[in-house]
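Nothing in this text is a laboratory measurement; each read-out follows from the coordinates by a stated rule. Values in this document were obtained by computation on a predicted structure and should not be read as measured data. Cβ coordinates were reconstructed from backbone atoms using ideal geometry, including for glycine residues, and neighbour counts include every protein chain displayed.
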Amino acid sequence: MAQRVDAHHHFWNYSPKEYGWIGDSMAALRRDFTPDDLLAATAPVGIGGVVSVQARQTVEETDFLLAHASRHGFIRGVVGWAPLMAPGVENRLEHFAAHPKFKGVRHVVQDEPDDNFILRDDLSRGVSLLKPLGLAYDILIFERHLKPSIQFVDRHPGQVFILDHIAKPGIKAGHREPWATDIREMARRPNVYCKISGMVTEANWETWTPDQLRPYIDTVLEAFGPKRLMFGSDWPVMLVACPYAHWWQVVNTAIASLSVDERDRILGLTAIEAYKL
């Protein structure tokens, strides 16, 4: 069996100041989440490697994740934050890229007040520095950002992009359009991968069902195919709506009709390829 990889999770040492986005409804997340905590969740379902993704937009966050990765072999890669829009970011990227587990960069585009933020010239300049270093770029957006994000991707045809959380469609409201049309258009770009992750927190945390999620999973399966899809948990954020093992079961059930090779791609091999793990 091919190695199983969780392509999207976070660590943090909790403080109200650093994690102000964790509101009262997410009180269960107001504690530290460590590699030992994650290993306790992933090991029982047979996951052998993980990719740590930034949760704060600081260079200290990237150093924090790389320090964990240096100490723990099951952390196969880090998607950190770097000041992509700042002059001289080349030096910062080269410094991070010297670490063998630094695999990509992410900016929290979904929280920017300008829906066209991703089209900023200074961001594009920063992203243009990633390909020569062999780094991926994670796209974190809501579905309303898909159209400008397609334009953004077209500016960087050789860059590896990884779309987080299937672009956060309106699952809670049951909306599939224009998300489905836009996600299919995005998928026409062969340099874009997509994570089946972060879905339960876009649904109603208390009442969601696997059947409610299935049309969205089927849409990205059709659009990207197994070779460009990867499993991710979004742990620990997903814990407000779903235990880890349950999410693993939901995804495995949704892809059960695929071939062994196709399931192996989604559950590990795609992440290994996209992030060069």
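What is the total of Lys pairs in the chain with C-alpha atoms under 13 Å apart, excluding same-chain pairs fewer than 8 positions apart?
6
With a cap of 15 neighbouring Cβ atoms within 10 Å, and only residues DSSP puts in a loop, list the trypsin sites (Lys or Arg not before Pro) found in segment 68-104.
The qualifying sites: there are none.
Tell me the trypsin sites (Lys or Arg not before Pro) within segment 141-195 that lie in a loop according to DSSP and have at most 14 other beta-carbon atoms within 10 Å.
The qualifying sites are 155, 172, 188.
What dipole magnitude, in Debye to the nearest 20, does the chain give about its Cα centre under +1 on Lys/Arg Cβ and -1 on Asp/Glu Cβ?
540 debye
Please give me, ordered by residue number, the chymotrypsin sites (Phe, Trp or Tyr not before Pro) of segment 157-255 that lie in loop per DSSP and have at most 16 other Cβ atoms within 10 Å.
Of the chymotrypsin sites (Phe, Trp or Tyr not before Pro), the ones in loops of segment 157-255 whose Cβ has at most 16 other Cβ atoms within 10 Å are 205.
How fast does the chain diffuse by Stokes-Einstein, in µm²/s, taking the Kirkwood radius from C-alpha pairs at 37 °C and 0.692 mPa s?
176 µm²/s
By how many nm would the segment from residue 39 to residue 3 grow when fully extended, if each residue of separation counts as 0.36 nm and the alpha-carbon distance is taken off?
Between residue 39 and residue 3, full extension yields an extra 11.4 nm.
Can you tally the net charge around residue 266? Count Lys and Arg as +1, Asp and Glu as -1, for every other residue whose Cβ sits under 11 Å from the Cβ of residue 266.
Surrounding charge for residue 266 is +3.
Mind checking which of 191, 22, 107 is farthest towards the positive end of the chain's charge dipole, using Cβ charges of +1 (Lys, Arg) and -1 (Asp, Glu) about the Cα centre?
Comparing the listed Cα positions along the dipole, 191 ranks first.
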